[in-house]
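Visitor: The structure is given below, and queries will be raised subsequently.
The values are calculated or read from the model by the stated rules, or taken from the named source; none is laboratory data. What you see is a predicted model; the values in this text were computed from it and never measured. Every residue, glycine among them, receives a Cβ derived from its backbone with ideal geometry; neighbour counts consider all protein chains shown. For the accessible areas, the whole protein counts, side chains as well, though only heavy atoms, and no ligand, DNA or RNA atoms are used. Shrake-Rupley method; radii C 1.70, N 1.55, O 1.52, S 1.80 Å.
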Amino acid sequence: MTKGSALVIGVGPGLGLALGEAFARDGHPVALFGRDAARVDKYAAELTAEGRTARGYSVDAADPEGLNAALTRAADELGSPEVLVYNAALLRADTPTELDGREFARTLAVNVTGAVVAARTVLPLLRDGGGSLLFTGGGLALDPAPAYTSLSVGKASLRAYVQSLHKQQQGSDVHVTTVTVGGYIGGDDPRFAPGTLAAAYLNLHQQPQDQLQAELLYL
């Protein structure tokens, strides 16, 4: 039986690419979304060369209309989605007393609003009405850092949104969860190697219905 597509938003050289590779190698047609068109096209070409089905889509997660259009196009081109992974985030060093209103709004547009737009777009497109919506959270949602205030607020807001969506979807065939990553991705700890983390997302998608969870604390 063929698998539904996997839509990965926020694809860069770390976790985003590893997520695309993990789902592609599991047999899903994969859509790779990122701001850098040349980069996502290159990653898609590399997966295609392996015999996988993959396409790159250039989009700014802070643009609701653009994101909606890109996700809809990917579903049309690659087939109904089975998985959405929202991995986009804007990392900016800022403190509570130094926040600039315009920059803060831009950060939240990527870290939170884009996730809401993606979920609302993909939910009605899910293959046979079921699948997984997975979101990359962060330990800053649990322990905010004053040096990264906007990211802390964004991850806390994302966590609240995803848990609300999880509760709304309970009893359906839709699995909604946050992966709360409490370490430095790509650092010295092998547990936080991009490929190892990506395997945890794939495992979440494959969980039996009676084991679904609102949050994976990856600490």
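Visitor: Is it true that some residue in region 127-143 is on the phi > 0 side of the Ramachandran plot, open to solvent by 10 Å² or more (accessible area, probe 1.4 Å) and not small (Gly, Ala, Ser)?
Guide: Yes, region 127-143 contains a residue that is on the phi > 0 side of the Ramachandran plot, open to solvent by 10 Å² or more (accessible area, probe 1.4 Å) and not small (Gly, Ala, Ser).
Visitor: Follow-up. Only one residue in 154, 195 is touching a residue at least 60 places away in the same chain (Cβ under 8 Å), under 17 Å from the mean Cα position of the chain (by Cα), part of a helix (DSSP H, G or I) and farther than 13 Å from residue 135 by Cα. Which one?
Guide: 195
Visitor: A follow-up question, please. Residue 23 is checked against (1) open to solvent by less than 10 Å² (accessible area, probe 1.4 Å); (2) in a strand (DSSP E or B) and fails just one. What number does that condition carry?
Guide: (2)
Visitor: Could you list, in sequence order, all residues of region 157-180 that are open to solvent by less than 20 Å² (accessible area, probe 1.4 Å) and either more than 30 Å from residue 99 (Cα to Cα) or assigned to a helix (DSSP H, G or I) (or both)?
Guide: Within region 157-180, 158, 162, 165, 174, 175, 176 qualify.
Visitor: Still on this model: Please determine whether any residue of region 38-59 is in contact (Cβ under 8 Å) with a residue 24 or more places away in the chain, surrounded by fewer than 18 Cβ atoms within 10 Å (Cβ to Cβ) and not in a loop (DSSP other than H, G, I, E, B).
Guide: Within region 38-59 (the criterion being in contact (Cβ under 8 Å) with a residue 24 or more places away in the chain, surrounded by fewer than 18 Cβ atoms within 10 Å (Cβ to Cβ) and not in a loop (DSSP other than H, G, I, E, B)), the answer is yes, since at least one residue qualifies.
Visitor: Go through (1) outside any loop (DSSP other than H, G, I, E, B); (2) of a type outside the set (A, V, I, L, M, F, W, C); (3) touching a residue at least 12 places away in the same chain (Cβ under 8 Å) one by one and return the number of the condition residue 183 breaks.
Guide: The number of the failed condition is (1).
Visitor: Let me ask something else. Please note which helices (runs of 4 or more DSSP H) are completely contained in region 62-133 and include at least 1 residues that are acidic (Asp, Glu) and closer than 29 Å to residue 3 by Cβ.
Guide: Hits in region 62-133: 64-78.
Visitor: Looking only at region 196-208, how many residues end up being in contact with a helix residue (DSSP H, G or I) (Cβ under 7 Å, 6 or more places away or on another chain) and open to solvent by 50 Å² or more (accessible area, probe 1.4 Å)? Give the steps one after another, and end with the answer.
Guide: Step one: list which residues in region 196-208 are in contact with a helix residue (DSSP H, G or I) (Cβ under 7 Å, 6 or more places away or on another chain), which gives 196-199, 201-202.
With the extra rule that they be open to solvent by 50 Å² or more (accessible area, probe 1.4 Å), the set shrinks to 196, 199.
Residues meeting the conditions: 2.
Visitor: Here's a follow-up. Starting from residues that are out of contact with any helix residue (DSSP H, G or I) (no Cβ under 7 Å at 6 or more places or on another chain) and at pLDDT 95 or above, keep the ones in region 1-20 and report whichever is surrounded by the most Cβ atoms within 10 Å (Cβ to Cβ).
Guide: Of the residues in region 1-20, the ones out of contact with any helix residue (DSSP H, G or I) (no Cβ under 7 Å at 6 or more places or on another chain) are 1-3, 12-13, 16.
Remaining after also requiring at pLDDT 95 or above: 3, 12-13, 16.
Numbers: 3: 15, 12: 18, 13: 11, 16: 26.
The extreme case among them is 16.
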